[in-house]
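What follows is a short report on a single structure.
The values are calculated or read from the model by the stated rules, or taken from the named source; none is laboratory data. Computed from a prediction, not measured in an experiment: that's the story for all the values here. In this analysis, Cβ positions are derived from the backbone assuming ideal geometry, glycine residues included, and neighbour counts consider all displayed protein chains.
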Amino acid sequence: MSTRDKDQSPPLDKPLERQIITTVGEVQYLVHPQKLGHVSSTGSPSELQDIVPVTGLTVEQFNSPSFFQIIEDFNRLDDVYMYGFNKRIVIIDQSEAKLAADDKTHEIPPHRIHGLFLDVERHLVMPGPYFIYNGGLHQAWRLYPDKLRAFNFGIVPRALHDPQNCAYNLVSALSLDGLHKAIAVPSRLYSGSLSHEKPLSGIRFVVDDLVSMKGVKTTLSHETWTALYPPCQSTSYLIKKLIGWGAVMVGKTKASQFACLHTAWVDASSPKNPRADGYQEALGSAPGAGSALAGYKWVDCAVGVDTLGGFLETAEWYGLFALRLTHNWQYISEMNLASPRLAAVAIMSRSLERVRQVMKSIALQIPQPPRPLPPTPNTIIYFKDLFDEEERRNQKRLAAPFISLFEVELQGGRLDIDLSKRWEQRQPSEANAPGEALDMFMRNCAFQVYCHEFGRKYNRFIQDYNTDEEAIECVEPYWDDAVAYIW
């Protein structure tokens, strides 16, 4: 690898102008457009102009007595790697380290050894599967068929390792049989191990449709909305944070129309719920995320927004775990939400431990403004009527020793409050009828706030449709019954 060769290498940052799809064995792959380095050839330079699958290894791995075991571990631990990549080896070290004297090109005749000129400061290359194309090294992203119709589309980042300027292209490929959209996922070997800086390293996320991602559209499962508005111009703050912590975004999943709890699926095809007999309803506000997690082992987590329990309801119907974060304006900024005041980030996964891991990473990063500590409370307020009579007896039995310990610790007293009686004594004039119970008066409070904000948010859509000259080419809006009711 001479200095002259390095000086003549092509620019590293010029991406491929089109998506290149290839196969290794019978598996489809996407050649990621970003060039990571220039590969030297021990033979004719023309042999590296075509798409060539290779395995990237460090000098230490190549010289290791466990060389064959390393290749076996790649194949066992990573769903993207397969033995078709091991016919050629690329040494990815930037150092001047030399290969061992017993050069494995003689020990393993089918292997060809190539070197890599790499800009270490700008591109991180980990051991794993790659493609050589036109003399450059590119990541290998495996394409999975979306047989459950969970995704609006797959996505790939235009630039790797740049979470603050992340923009995406949608994956235009279909499955080999042409019946399903193809979703691209990178090798898990690219991510490395978990660390304090990268607590979510390598975890594959699907992104709910409501979350903005630069370069691709938010559809709201509504044909006219999709046609009227361009791709998003920015990526939401939350997604940038997750990527910075090592997470990988692989696609945007379907939401019900305008994220209402139930939809008739007129403008978009319904995701399939793979639970039970495989023909269960697609329910909740994020059924695409539910279908992907319930049916695809190559997806780890979903990130979305919960407003009135729709995201959590999806987890319930699909047999998954989900948690909603405390409301935080910063994390829901740059999202297309009907009611930001009621919305909060939510995470879904097949594993409760995985949900806890992601939530912990998010919660630890929420900025906490400095403020003085509040005074220690000295009174315990206990609501007596939060349960029916039978539940109240059980609850009292469980709560009594707990409250006693608090009274001793706080050196204070206990204040019992019966909300029903207080309501009867101070019932406001706005109550619909004399004697109306508190829970009946408040039963639709949050929903009515949501409906009000929903109307204010999406009335602009109607105005845009009526005034935009290009809207003439759009389909006349169709409203699902649930959407029409809220409006």
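What to note about this one:
- Those residues of the stretch 338-356 which are part of a helix (DSSP H, G or I) and either within 14 Å of the chain's Cα centre (by Cα) or buried (at least 19 other Cβ atoms within 10 Å of the Cβ) (or both), in sequence order: Arg354, Val355
- The residue list Trp317, Trp329 contains one member that is part of a loop (DSSP other than H, G, I, E, B) and in the same structural domain as Leu261 (by TED's automatic domain parsing), which is Trp329.
- Looking across the stretch 144-181, the residues that are hydrophobic (A, V, I, L, M, F, W, C), assigned to a strand (DSSP E or B) and either over 25 Å from Tyr83 (Cβ atoms) or in the same structural domain as Ile91 (by TED's automatic domain parsing) (or both) come down to Phe151, Phe153, Ile155, Leu170, Leu174.
- Residue satisfying condition, being modelled with pLDDT of 85 or more and either over 24 Å from Asp306 (Cα atoms) or small (Gly, Ala, Ser) (or both), within set Ile417, Ile472, Ile381: Ile417
- Residues satisfying the stated conditions in the stretch 427-444, i.e. among the charged types (D, E, K, R) and either surrounded by 10 or more Cβ atoms within 10 Å (Cβ to Cβ) or within 42 Å of the chain's Cα centre (by Cα) (or both): Glu436, Asp439, Arg443
- Which numbered condition Ala292 fails, given (1) at pLDDT below 95; (2) part of a helix (DSSP H, G or I); (3) within 14 Å of the chain's Cα centre (by Cα): (1)
- Ala431 meets each of the listed conditions (1) in contact with a helix residue (DSSP H, G or I) (Cβ under 6 Å, 6 or more places away or on another chain); (2) assigned to a helix (DSSP H, G or I) apart from (2).
- Just one of the listed residues (Val206, Val185, Val216) is part of a loop (DSSP other than H, G, I, E, B) and touching a Phe, Trp or Tyr at 6+ places or on another chain (Cβ under 9 Å), and it is Val216.
- Qualifying residue in the stretch 208-230 (condition: buried (at least 24 other Cβ atoms within 10 Å of the Cβ), of a type in the set (Lys, Arg) and either over 30 Å from Met82 (Cβ atoms) or at pLDDT 95 or above (or both)): no
- Residue, surrounded by the fewest Cβ atoms within 10 Å (Cβ to Cβ), within the stretch 449-467, restricted to residues that are free of Cβ contacts under 8 Å to residues at least 60 places away in the same chain and β-branched (Val, Ile, Thr): Thr467
- Residue within the stretch 329-337 that is buried (at least 24 other Cβ atoms within 10 Å of the Cβ) and touching a Lys or Arg at 6+ places or on another chain (Cβ under 8 Å) present: no
- Pairs with Cβ under 9 Å, 6+ apart, first in the stretch 72-87 and outside the structural domain of Arg204 (by TED's automatic domain parsing) and without any contact (Cβ under 8 Å) to a residue 60 or more places away in the chain, second exposed (fewer than 14 other Cβ atoms within 10 Å of the Cβ) and small (Gly, Ala, Ser): Asp73/Ser66; Met82/Gly25; Tyr83/Gly25
- When Lys181 is tested against (1) over 26 Å from Leu364 (Cα atoms); (2) touching a residue at least 40 places away in the same chain (Cβ under 8 Å), only condition (2) is not met.
- If you check Ser236, Ser256 for being crowded, with 20+ Cβ neighbours inside 10 Å, touching an Asp or Glu at 6+ places or on another chain (Cβ under 6 Å) and over 12 Å from Phe205 (Cβ atoms), only one passes: Ser236.
- Residue check, Ser212 in contact with a Gly (Cβ under 9 Å, 6 or more places away or on another chain) and either within 29 Å of Trp329 (Cα to Cα) or touching a residue at least 60 places away in the same chain (Cβ under 8 Å) (or both): no
- Pick from the stretch 245-288, criterion part of a loop (DSSP other than H, G, I, E, B) and charged (D, E, K, R), ranking: nearest to Leu308 (Cα to Cα): Lys254
- Members of the stretch 28-41 that are among the aliphatic types (A, V, I, L, M) and either over 23 Å from Val171 (Cα atoms) or at pLDDT below 90 (or both): Leu36, Val39
- Close pairs (7 angstrom Cβ cut-off, 6 or more residues apart or separate chains): at positive phi in the stretch 126-148, buried (at least 22 other Cβ atoms within 10 Å of the Cβ) and in a loop (DSSP other than H, G, I, E, B) anywhere: Gly128/Tyr81; Gly128/Ser187
Here's the yes/no breakdown for (1) in contact with a helix residue (DSSP H, G or I) (Cβ under 9 Å, 6 or more places away or on another chain); (2) more than 21 Å from Val185 (Cα to Cα); (3) modelled with pLDDT of 55 or more:
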position	(1), (2), (3)
Gly43	no, yes, yes
Leu48	no, yes, yes
Gln69	no, yes, yes
Asn75	yes, no, yes
Gly84	no, no, yes
Glu96	no, yes, no
Ala101	no, yes, no
Pro109	no, yes, no
